1. Does A:Gly75 satisfy the criteria of being in contact with a helix residue (DSSP H, G or I) (Cβ under 6 Å, 6 or more places away or on another chain), outside any loop (DSSP other than H, G, I, E, B) and more than 8 Å from chain B (Cβ to nearest Cβ)?
2. Would you confirm whether or not segment A:66-82 contains a residue that is of a type in the set (D, E, K, R) and either more than 21 Å from B:Ile42 (Cα to Cα) or modelled with pLDDT of 95 or more (or both)?
3. Check A:Ala63 against each of (1) part of a helix (DSSP H, G or I); (2) on the phi > 0 side of the Ramachandran plot; (3) of a type in the set (Gly, Ala, Ser) and name the one condition it does not meet.
4. Taking the criterion of being over 23 Å from B:Arg55 (Cα atoms) and within 7 Å of another protein chain (Cβ to nearest Cβ), would at least one residue in segment A:91-102 satisfy it?
5. Go through segment A:76-111 and report how many residues are under 18 Å from A:Leu65 (Cβ atoms) and of a type in the set (A, V, I, L, M).
6. Kindly check whether there is at least one residue in segment A:29-37 that is without any contact (Cβ under 8 Å) to a residue 12 or more places away in the chain and surrounded by fewer than 19 Cβ atoms within 10 Å (Cβ to Cβ).
7. Condition (residue is without any contact (Cβ under 8 Å) to a residue 24 or more places away in the chain and over 24 Å from B:Cys39 (Cβ atoms)) applied to segment A:59-67: is it met by at least one residue?
8. Take A:Leu94 and decide whether it is more than 30 Å from B:Ala122 (Cβ to Cβ), assigned to a helix (DSSP H, G or I) and modelled with pLDDT under 95.
Amino acid sequence: MKRSNKPVFWSLFGAGGMLSALIGPMLIFVTGIAVPLGFLLPRETMSYDRMRAFVQNGFGKLAVLLVISLFLFHGLHRLYHCLHDFGIHVSTVLKAVFHGLAIAGTIACIYLLSRL
Amino acid sequence: MTAGSKQAAPGMKTYVRPIGSWWLRNSFYRWYMVRELTCVFITAYAVILLWGLMRLVQGRPAFDAWRENLASPSAIGFHLLALLLVTYHAWTWFKVMPKTLPFISIAGHRLSDRTIIALGVAGAIVASVLVFLAILLSILQAAP
C-alpha cells in the first residue's frame, strides 16, 4: 500500500493552527493595526532599517519563516476542506495545488530571507 | 469524504447530489462555517507578510510603499476583521484541544477538559504578552 502523505500535511496544518492560535491575533494587531496607525507602538517599529536588521539575524529569519510558512500550510489546508463544504469536489489534483501553493510560499520565503 | 472520483471507474459519471446553503440551516453550522473561513484570513495575512518581505528585499522605496499601503483604510479594515476572526479561530482551537491532544495524566489523574482549555487560553495570553513586550523593549532600547 502506498504511504499516505496525510500525516505530514496534517502536522503542518496543526503546527500552523497552534502557532496562529497562540500569537496570531497579537501579530495581526501589531503589524496590521498598532504600527500602521502609530497606536501604542510608534510607526517606526517597522521601519526599513529595523526590519532589515530583524531579518538579518538567525532568530528573526526563523521567526519570519515559521509564521509565514506555517500560517500558509494551516490556511491552505483548511481552505481546500472548505471547498468540499461548499460542494466543490476536491480532486487529488486540487489538493496538490493547495499544498503546492503552501510549499511554493515557503520556498519563496526561504529564497527572500537568503537575499537579506 | 472526497469519494466519487476515487471509487468510480475512469470516465464513469457519478451522480453528485447538489448541496445548497446547508450552513445556514442552524447556528451550529453557521459557527462551524465562520471557523472554517478564518483560514481565508490566516492565508491572506501570511501572503501580506510574504509580500512585505519581498518589498524589503527590493529596497527602501518599495518597503516604504508597502508600509504606506498597510496604513490605508482598507488594509486597516482587513486587519481588524482578521483580528476578530483569528481570535475566534484561537478560541475554537483551544476548545477542541481536549479532543485533539492525547490523554495527559499527571500523578495518575487525567487532565480535565476544562484544565486543558484553560491552559491553552492562558498559554496564548502569555505568549501574546511576551511578543508585545519583546517588540516594545526593542523600541525602548533603540530610543536614546
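1. Details: in contact with a helix residue (DSSP H, G or I) (Cβ under 6 Å, 6 or more places away or on another chain): yes; outside any loop (DSSP other than H, G, I, E, B): yes; more than 8 Å from chain B (Cβ to nearest Cβ): no.
Spelling it out, it is not the case that A:Gly75 is in contact with a helix residue (DSSP H, G or I) (Cβ under 6 Å, 6 or more places away or on another chain), outside any loop (DSSP other than H, G, I, E, B) and more than 8 Å from chain B (Cβ to nearest Cβ).
2. Our first condition is that a residue be of a type in the set (D, E, K, R); within segment A:66-82, this holds for A:78.
Subsequent filtering for residues that are either more than 21 Å from B:Ile42 (Cα to Cα) or modelled with pLDDT of 95 or more (or both) retains none.
For segment A:66-82, residues of a type in the set (D, E, K, R) and either more than 21 Å from B:Ile42 (Cα to Cα) or modelled with pLDDT of 95 or more (or both): absent.
3. Tallying (1) part of a helix (DSSP H, G or I); (2) on the phi > 0 side of the Ramachandran plot; (3) of a type in the set (Gly, Ala, Ser), A:Ala63 fails exactly one: (2).
4. Checked against the condition, which is being over 23 Å from B:Arg55 (Cα atoms) and within 7 Å of another protein chain (Cβ to nearest Cβ), segment A:91-102 yields at least one hit.
5. Selection size over segment A:76-111: 8.
6. yes
7. So the first thing to find is which residues in segment A:59-67 are without any contact (Cβ under 8 Å) to a residue 24 or more places away in the chain, and the list is A:59-60, A:62-63.
Retained after the next criterion (residues that are over 24 Å from B:Cys39 (Cβ atoms)): A:59-60.
Yes, there is a match, as at least one residue in segment A:59-67 is without any contact (Cβ under 8 Å) to a residue 24 or more places away in the chain and over 24 Å from B:Cys39 (Cβ atoms).
8. yes
The values are calculated or read from the model by the stated rules, or taken from the named source; none is laboratory data. Computed from a predicted model, the values in this text were never measured in an experiment. Because the Cβ atoms are built from the backbone with ideal geometry, glycine has one as well, and the counts that use them run over all protein chains shown.
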